[in-house]
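Engineer: First, the structure itself, so that you have it in front of you.
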Amino acid sequence: MSETTQIKRARRQRPTLPTLAELDELGAVVTMPAPPEWEDLNGHVNVTHHYGFHFKILHKSFQNLGIDGDYINQHQLSTFTVEQHLSFNSEVLIGQEVSGHFRLLDRNSKLLHGICFMANRETGQIASVIEFIEAHVDLKTRRTAGWHPDLAEIVDGVLTKHRQLSWEAPLSGSMGLH
């Protein structure tokens, strides 16, 4: 096999996805049945609603970390999305129960790297995964800013816990922090 063929095959290989039991170690941030308005002409959940569900996971997870309206108003600090990679692994049909899970991977002085999962509770499959990088931003200057010490402590605690999980996150390979 030529080196070019090996590289092409390596690119096509998807990372190993966690099991539902492994995801459940993180806890579900959001759980709900896929509603009828999510259905597209193909009879399954449309890509727009996968993305919207991941946004719900991120929004709720960031609130749980303390990045909420009070934090934003008090400190004039927030987060902006810098990069995302969304992959689809299996379809979700209307009415099927889905759960959303959040895992932190890394942080530096201004950025956060993480991953979210949409799991189909009925089929036991991971429907979609979004890997992301968020920048901590000073809303007055619209520039990246260091993490507030209180928030950094919370993020570091969650990051330590998530790094102790026994399973590897299925990374896209297209992003990370330096």
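Where a number appears in this text, it was derived from the coordinates with a stated rule and is not lab data. Nothing here was measured: the structure is a model prediction, and the numbers come from that model. Cβ coordinates were reconstructed from backbone atoms using ideal geometry, including for glycine residues, and neighbour counts include every protein chain displayed.
Engineer: If you work out Kirkwood radius over Cα pairs in Å from the coordinates, which of (1) 21.0; (2) 16.4; (3) 17.4 do you get?
Structural biologist: Matching entry in (1) 21.0; (2) 16.4; (3) 17.4: (3).
Engineer: Figure the gain on full extension for Asp70 and Glu97 (residue separation times 0.36 nm, minus the Cα-Cα span) and round it to one decimal in nm. Please report the intermediate quantities before stating the final value.
Structural biologist: Details: separation 27, 0.36 × 27 = 9.72 nm, distance 3.17 nm.
My answer for the length gained is 6.5 nm.
Engineer: A follow-up question, please. Considering Cα pairs under 8 angstrom that are at least six residues apart, work out the relative contact order of the chain and quote it in whole percent. Walk me through the numbers before you get to the answer.
Structural biologist: On the way: 301 pairs, mean separation 46.6, N = 178.
Worked out over the chain, it gives 26 percent.
Engineer: Work out how much length Ser174 to Lys161 would gain on full extension: take 0.36 nm times their residue separation and subtract the Cα-Cα distance, in nm to one decimal. Each step should come with its number before you reach the end.
Structural biologist: Working: separation 13, 0.36 × 13 = 4.68 nm, distance 2.41 nm.
Result: 2.3 nm gained on full extension.
Engineer: Then there is this: How large is the dipole of the chain about the Cα centre if only Lys and Arg carry +1 and Asp and Glu carry -1, each at its Cβ, rounded to the nearest 20 debye? Before the final figure, lay out the partial values.
Structural biologist: Working: 16 positive and 21 negative charges, 123 e Å.
Taking the Cα centre of the chain as origin, the dipole is about 600 debye.
Engineer: Tell me the angle of helix 3-12 to the major Cα principal axis of the chain, expressed in degrees between 0 and 90 and rounded to the nearest ten.
Structural biologist: The answer is roughly 80 degrees.
Engineer: Please work out the FRET efficiency for the pair Asn42 and Arg142, using the Cβ-Cβ distance as r and a Förster radius of 41 Å; give the result to the nearest 0.05.
Structural biologist: Working: r = 40 Å, r/R0 = 0.97.
Once the sixth-power term is evaluated, E becomes 0.55.
Engineer: Where does helix 47-65 land angle-wise versus the long Cα axis of the chain, in degrees 0 to 90, nearest 10?
Structural biologist: Taking Cα atoms only, the helix is inclined about 40 degrees.
Engineer: Taking 0.36 nm per intervening residue step and subtracting the Cα-Cα distance, what contour gain separates Thr31 from Val82 on full extension? Write down the numbers at each step before the final one.
Structural biologist: Working: separation 51, 0.36 × 51 = 18.36 nm, distance 2.63 nm.
Extra length from Thr31 to Val82 when fully extended: 15.7 nm.
Engineer: Right, something else. Report, to the nearest 10°, how far helix 149-163 tilts away from the longest principal axis of the Cα atoms in the chain, using its own Cα long axis and a range of 0 to 90°.
Structural biologist: That helix lies at roughly 30 degrees to the long axis.
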